[in-house]
Amino acid sequence: MHQLEHPLNFSQFGSDNGRIVIYFHGAPGAPEECAIFDLYAKEHGLNFICFDRFSGDYSIAGEAYYQLLAQEIGKQADGKQVDVIGFSIGAFIALQTCRYLGNGVRNLHLISAAAPLDAGDFLEAMAGKQVFQLAKTFPILFVLLSYWQGLLALLFPNALFRLLFAGAAGGDKALSVDRVFQSGITKVLRSCFIGRIQGYVRDIKTYVQPWKDTLSGIGVNTHIWHGADDNWSPVSMAEYLQSAIPGCTSTEIFGGLSHYSCLYRAAPEICRQLGAASGGQREYPALSGGIHAED
């Protein structure tokens, strides 16, 4: 197993000493994305930790990468169970990492999750179709495209935002013209594409490889949250993941919502569930079995 010379950087949100929740940001994405949970996490005594995946040693890939993330989570958990949340392609990395966390995970929440491309004909309905096709078929061109996006992020961040949200669907349409959302996502894009491109490239290249066979080993208590109008991760992906993950216990499909609008809608509800499950206690003991907070 790989040992890092320096621990992976992370950002914290919510309550300083509450129940630990590990958040996996999307790709494109950055730890700043987790700020969406900050207020709700404080309300419910939750300590959110989001690792800066793209800032680490990008030469560590595949199974070694997931093992490394599991190892870093273990350091923060200090023998206690954690809850895990993955957004978009971050949901894919979360699923893979959970395979190395044993019974250290109490609940896994997948928001707007990207399913394996080898599991169905999803690509045609995906807004990022061209990017994923390039990463799969012409990886060198994909890397060049990513550096071009990096240049846009540096010089014309608003143009990069408009490019990514040109085809916004459902609830994402209203979000895309909201100044606060624009400002927040523009910061996330700058963080992702300036100085961290190789980390981003690793996640995308890994995602487009076949991985559907790994899902049969996911026994952790899994909850799926998805927008019915999602055109980044089509809703058929949520349906597939529900059928393929043995530990899946609940699926919530929000009518009229798309990718980011689902994230905004799910955030307070997930924090409410996690807060209720911990009884509002700021410290919680390690448990041998999982807890499922029913609605």
inquiry  = Against the conditions (1) touching a helix residue (DSSP H, G or I) at 6+ places or on another chain (Cβ under 8 Å); (2) closer than 16 Å to GLU33 by Cα, where does VAL180 fall short? Just the number, please.
reply    = (1)
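Is it true that VAL208 is β-branched (Val, Ile, Thr) and buried (at least 16 other Cβ atoms within 10 Å of the Cβ)? Spell out the reasoning first.
On the way: β-branched (Val, Ile, Thr): yes; buried (at least 16 other Cβ atoms within 10 Å of the Cβ): yes.
Considered against the rule, which asks whether it is β-branched (Val, Ile, Thr) and buried (at least 16 other Cβ atoms within 10 Å of the Cβ), VAL208 comes out as yes.
Kindly evaluate LEU68 against the criterion of being in contact with a Cys (Cβ under 8 Å, 6 or more places away or on another chain), crowded, with 17+ Cβ neighbours inside 10 Å and more than 15 Å from ALA27 (Cβ to Cβ). Step through it out loud before you land on a result.
Numbers: in contact with a Cys (Cβ under 8 Å, 6 or more places away or on another chain): no; crowded, with 17+ Cβ neighbours inside 10 Å: yes; more than 15 Å from ALA27 (Cβ to Cβ): yes.
In short, no.
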key: Of the criteria (1) in contact with a helix residue (DSSP H, G or I) (Cβ under 9 Å, 6 or more places away or on another chain); (2) outside any strand (DSSP E or B); (3) not acidic (Asp, Glu), which one CYS50 fails   = (2)
message = Every residue in region 6-28 that is farther than 19 Å from GLN96 by Cα and not in a strand (DSSP E or B), please.
response = HIS6, PRO7, ASN9, SER15, ASP16, ASN17, GLY18
task = Taking ASP57 as meeting all but one of (1) over 15 Å from ALA267 (Cβ atoms); (2) outside any loop (DSSP other than H, G, I, E, B), write down the number of the exception.
result = (2)
inquiry  = For a quick check of your reading of the model, give me the residue pairs whose first member lies in region 121-142 and is under 18 Å from SER88 (Cα atoms), whose second is of a type in the set (Lys, Arg), with beta-carbon atoms closer than 6 Å and at least 6 apart or on different chains.
reply    = LEU123/LYS129; ALA135/LYS205
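Please indicate, with yes or no, whether at least one residue in region 265-273 is of a type outside the set (Asp, Glu) and part of a loop (DSSP other than H, G, I, E, B).
Step one: of region 265-273, the residues of a type outside the set (Asp, Glu) are 265-268, 270-273.
Next, from what is left, pick out any that are part of a loop (DSSP other than H, G, I, E, B): none.
There is no residue in region 265-273 that is of a type outside the set (Asp, Glu) and part of a loop (DSSP other than H, G, I, E, B).
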task = Could you list, in sequence order, all residues of region 229-260 that are of a type in the set (Gly, Ala, Ser) and either surrounded by fewer than 17 Cβ atoms within 10 Å (Cβ to Cβ) or within 18 Å of ASP83 (Cβ to Cβ) (or both)?
result = SER236, SER243, GLY247, SER250, GLY255, GLY256
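May I ask you to verify whether LEU163 is among the hydrophobic types (A, V, I, L, M, F, W, C) and more than 16 Å from ASP203 (Cα to Cα)?
So LEU163 passes the test.
ALA153: surrounded by 14 or more Cβ atoms within 10 Å (Cβ to Cβ), outside any helix (DSSP H, G or I) and hydrophobic (A, V, I, L, M, F, W, C), yes or no? Full working, then the answer.
On the way: surrounded by 14 or more Cβ atoms within 10 Å (Cβ to Cβ): yes; outside any helix (DSSP H, G or I): no; hydrophobic (A, V, I, L, M, F, W, C): yes.
Judged against the criteria, ALA153 is not a match.
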query = Assuming LEU39 fulfils every condition listed in (1) in a helix (DSSP H, G or I); (2) under 13 Å from the mean Cα position of the chain (by Cα) apart from one, which condition is it?
reply = (2)
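Which of the following residues is at positive phi, small (Gly, Ala, Ser) and surrounded by 15 or more Cβ atoms within 10 Å (Cβ to Cβ): GLY184, GLY170? Let's see the steps before the verdict.
Numbers: GLY184 fails: at positive phi.
Just one listed residue meets the conditions, GLY170.
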query = Is it true that PRO285 is more than 27 Å from GLN76 (Cα to Cα) and either at pLDDT below 95 or not β-branched (Val, Ile, Thr) (or both)?
reply = no
task = Answer yes if at least one residue in region 126-142 is more than 20 Å from the chain's Cα centre (by Cα) and not in a helix (DSSP H, G or I), and no otherwise.
result = yes
inquiry  = Can you find a residue that is under 13 Å from the mean Cα position of the chain (by Cα) and not acidic (Asp, Glu) anywhere in region 74-85?
reply    = yes
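So in region 97-116, with the set limited to residues that are touching a residue at least 24 places away in the same chain (Cβ under 8 Å) and surrounded by fewer than 24 Cβ atoms within 10 Å (Cβ to Cβ), which one is nearest to THR251 (Cα to Cα)?
Applying the first criterion (touching a residue at least 24 places away in the same chain (Cβ under 8 Å)) to region 97-116 yields 97-101, 103-116.
Imposing the further condition that a residue be surrounded by fewer than 24 Cβ atoms within 10 Å (Cβ to Cβ) reduces the set to 99-101, 103-104, 116.
Details: ARG99: 21, TYR100: 24, LEU101: 23, ASN103: 22, GLY104: 22, PRO116: 18 Å.
So the residue we want is PRO116.
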remark   = Subset of region 15-59, residues touching a residue at least 60 places away in the same chain (Cβ under 8 Å) and small (Gly, Ala, Ser), comes to SER15, GLY18, GLY26, ALA27, GLY29, ALA30, ALA35, ALA41, GLY45, SER55, GLY56
query = Any residue at all in region 271-282 that is more than 27 Å from ALA135 (Cβ to Cβ), surrounded by fewer than 17 Cβ atoms within 10 Å (Cβ to Cβ) and modelled with pLDDT of 95 or more?
reply = yes
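The values are calculated or read from the model by the stated rules, or taken from the named source; none is laboratory data. For clarity, every value in this text was computed on a predicted model and none was experimentally measured. Heads up, the Cβs are rebuilt from the backbone with ideal geometry, glycines too, and the neighbour counts pull from every protein chain shown.
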